[in-house]
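Each remark here refers to the structure printed beneath this line.
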Amino acid sequence: MNKTIFLSGIVFGILAVVLGAFGAHGLEKLVDADALETWKTGVTYQMYHALLLLVLANVNAVPEGQKKWIFYCVIIGIFFFSFSIYGLATNTITSFDFKIIGFVTPVGGLFLILGWTLLGYKYFKYSK
């Protein structure tokens, strides 16, 4: 499980760098400044949580069986939060109206909060 968590952190980190570069160099002429800031928020939160996955994979105080729930919460949170933000930021240049799925953004935020909460709880429960 630790390898899966670590690899996921690497993939989400790489993707955050690529999406950040795309936002800075590809979107700046296509969307307004507010949409660009929204895009940056998605990238920032994705990178924070990619780093969290790298840390989680290396925390020995939390048993591997307990890490999977934290992992699932973070993965779901990244997809719901960051990826819905990417859609909302590019709403004016796509044919799909991402505003109709905008409700998943706060749900993703709740999953990210739950992931952090579980990490803290499990760490203090299992660390000696």
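The values are calculated or read from the model by the stated rules, or taken from the named source; none is laboratory data. Predicted model, so just to flag it, every value in this text is computed and none were measured. Please note: Cβ atoms are built from the backbone with ideal geometry, for glycine as well, and neighbour counts cover all protein chains shown.
Can you find, within the stretch 39-74, the residue that is surrounded by the most Cβ atoms within 10 Å (Cβ to Cβ) among those that are small (Gly, Ala, Ser) and in contact with a helix residue (DSSP H, G or I) (Cβ under 9 Å, 6 or more places away or on another chain)? Break it down into steps so the answer makes sense when it comes.
The initial filter retains those residues of the stretch 39-74 that are small (Gly, Ala, Ser), namely 42, 50, 57, 61, 65.
If we keep only those that are in contact with a helix residue (DSSP H, G or I) (Cβ under 9 Å, 6 or more places away or on another chain) too, we end up with 42, 50, 57, 61.
Details: GLY42: 25, ALA50: 22, ALA57: 20, ALA61: 12.
Among them, the one singled out is GLY42.
Only one of the listed residues (THR38, THR44) is of a type in the set (S, T, N, Q) and modelled with pLDDT of 95 or more. That residue is THR44. In the stretch 89-123, the qualifying residues are those that are charged (D, E, K, R) and surrounded by fewer than 16 Cβ atoms within 10 Å (Cβ to Cβ), and the one that is nearest to the chain's Cα centre (by Cα) is LYS99. Looking across the stretch 1-32 at every residue that is over 12 Å from PHE71 (Cβ atoms) and β-branched (Val, Ile, Thr), the one that is modelled with the lowest pLDDT is identified as VAL31. Contact map, the stretch 77-101: residues that are without any contact (Cβ under 8 Å) to a residue 12 or more places away in the chain paired with residues that are of a type outside the set (A, V, I, L, M, F, W, C), Cβ distance under 8 Å, separation 6+ or inter-chain. Pairs shown: THR94/GLY87; PHE96/GLY87; ASP97/ASN91; LYS99/ASN91. For residues in the stretch 35-55 being among the hydrophobic types (A, V, I, L, M, F, W, C) and out of contact with any Phe, Trp or Tyr (no Cβ under 7 Å at 6 or more places or on another chain), which is nearest to GLY115 (Cα to Cα)? Applying the filter and picking the extreme gives LEU52. Residues to consider are TYR126, TYR72, TYR86; find the one that is at pLDDT 95 or above and either over 16 Å from the mean Cα position of the chain (by Cα) or among the hydroxyl-bearing types (Ser, Thr, Tyr) (or both). Exactly one residue qualifies, and that residue is TYR72.
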